[in-house]
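Just so you know, all these numbers are worked out from the coordinates, no wet-lab data involved. Remember, it's a predicted structure, so these values are computed and weren't measured experimentally. Neighbour counts run over all protein chains shown; Cβ positions are idealised from the backbone, glycine included.
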Amino acid sequence: MFLPMVIRNSKLLRFPLLAVSRFLLSILKTGPRILRRAAYDAMPVPYLVAGDIEHFVVSTTDKVIGRNLFLGGEFDFHKFQTTLAIIRREGLPDPQHLIDVGANIGTIVIPALTRKLVQSATAIEPHPMNIRLLRTNLALNGLYDNVSVLSHAVGVESKTTLFLQESSTNSGNHSIGTSGISIPSTRLDDIDFPLNKNLLLWMDIEGYEGHALHGASKLLSTGIPVVCEYNIEYLKKSKGVDFFRKALEGRRIFDLNDGVCGKEISLDNLFEIYSKRLGFTDILAL
């Protein structure tokens, strides 16, 4: 204990140590990506603040979303920007209110608001740790009053309990299953949204999208644009393929992997493409 106190109070050592510390910490922000990734993975603290334009408290156990925020400042937000570009290209009005289902720690809703791409939002997230970080990040970015935060899942029925299977390394890979932590669930149709505004429904809920859409027939009847993950294997696992197809029947589908210039594609063609690739994408349904 004596030696650290001597070092701490030494005017001779203080400034060289400060300079060395600043250099080492600068590597975390501007150093080579491989070093920054290694530093993140070896971090001895449970949380870090990440991001460039926006700021996020992330869990260092999250090796996907948290790590990408730390390394690149964003996670998947280019998909939101692509969505807006297609909506405008198709002659539709910009969304004013975002419904973010599976909001995680705020990677879509926060930049959408801070960059004034929407005016307000509803963020729905069932996982206890994610919801705590989501609320923290909204406050950190001065957005707490702009967002209605709901801590439950969405599905076919209201006032029911589902089970959420947790991933230990990816906060975005928790999924509804037959076991796990108990979480409350409701229908999207039983949530009050500002229907006087242009709405955008954004969903990434690991294969449970079909069930969520099945419980949103009234909301979908308004013509609301829908963005959701399309992972046929996850949809099959949840037994949600038929719900998914029925809910989006008659809509124009765009594969966001095709970018801003992407053309309309059918669900049958999507199925054929991504069944062969054993991959996934995100789609916009108008």
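How about segment 137-239: which trypsin sites (Lys or Arg not before Pro) there lie in a loop by DSSP and see at most 12 other Cβ atoms within 10 Å?
Listed in order of number, the matching sites are Lys159, Lys239.
Given +1 on the Cβ of Lys and Arg, -1 on the Cβ of Asp and Glu, and no further charges, what dipole in debye does the chain carry about its Cα centre, rounded to the nearest 20?
About 1120 debye.
Hey, what number do you get for the chain at 222 nm if only DSSP H runs of n ≥ 4 count, each worth -39500 (n - 2.57), divided across all residues, to the nearest 500?
For the chain, the value works out to -11000 deg cm²/dmol.
Any of Lys197/Lys263; Lys239/Lys263; Lys197/Lys218 with alpha carbons more than 23 Å apart? Name them for me.
Lys197/Lys263; Lys239/Lys263, as the Cα separations exceed 23 Å there.
Please give the length that would be gained between Lys237 and Ile53 if that part of the chain were fully extended, namely 0.36 nm times their separation in residues minus their C-alpha to C-alpha distance (nm, one decimal).
62.5 nm
For Met43 and Ile181, what does the FRET efficiency come to when R0 = 22 Å and r is the distance between their Cβ atoms, rounded to the nearest 0.05?
So, using R0 = 22 Å, E works out to roughly 0.30.
Looking at the square roots a ≥ b ≥ c of the eigenvalues of the Cα gyration tensor of the chain, which shape do they give, rounded for a/c under 1.5, prolate if a/b is larger than b/c, or oblate?
Prolate, since a/c reaches 1.5 and a/b exceeds b/c.
When the chain is treated as a GNM, springs tying every alpha-carbon pair under 10 Å, which of Glu249, Glu206, Glu229 comes out with the largest mean-square fluctuation?
Glu249
Mind giving me the nanometre distance, one decimal, between the label points for Asn257 and Leu195, set 7 Å out from Cα along Cα→Cβ?
Computed distance between label sites Asn257 and Leu195 equals 3.6 nm.
For a test of the definition: using alpha carbon positions, the gyration tensor, and the 1.5 limit on a/c, classify segment 106-163 as rounded, prolate or oblate.
Prolate shape, in that a/c is at least 1.5 and a/b is the bigger ratio.
Taking springs between alpha-carbon atoms closer than 10 angstrom, which of Leu92, Leu200, Leu219 fluctuates most in the Gaussian network model of the chain?
Of Leu92, Leu200, Leu219, the Gaussian network model singles out Leu92 as fluctuating most.
Which value, in debye to the nearest 20, gives the size of the charge dipole of segment 150-286 about its Cα centre, when Lys and Arg are +1 and Asp and Glu are -1 at the Cβ?
Rounded to the nearest 20 debye, it is 200 debye.
Which shape class, rounded, prolate or oblate, goes with segment 26-112 when its Cα gyration tensor gives a ≥ b ≥ c as root eigenvalues, a/c under 1.5 marks rounded, and past that a/b bigger than b/c marks prolate?
Since a/c reaches 1.5 and a/b is larger than b/c, the shape of segment 26-112 is classed as prolate.
Hey, can you grab everything whose amide H is under 5 Å from the amide H of Leu162? Only 5+ residues off in sequence or another chain; H modelled, so Pro and N-termini drop out.
It is Ile183, Ser185, by chain and number.
Compute the length gained on full extension between Leu18 and Ser158: take 0.36 nm times their separation in residues and subtract their Cα-Cα distance, giving the result in nm to one decimal.
Result: 44.8 nm gained on full extension.
At what distance in nm do the modelled label points of Ser266 and Ser221 sit from each other, each positioned 7 Å from its Cα along Cα→Cβ?
Those two pseudo-labels are separated by 2.8 nm.
Measure off 7 Å from each Cα along the Cα-to-Cβ vector at Leu71 and Arg33, then give the distance between these two points in nanometres to one decimal.
0.6
Report the residue, chosen from Ala85, Ala39, Ala212, that carries the largest GNM mean-square fluctuation when the chain is represented by alpha-carbon nodes joined by springs under 10 Å.
In this elastic network of the chain, the residue with the biggest mean-square fluctuation among Ala85, Ala39, Ala212 is Ala39.
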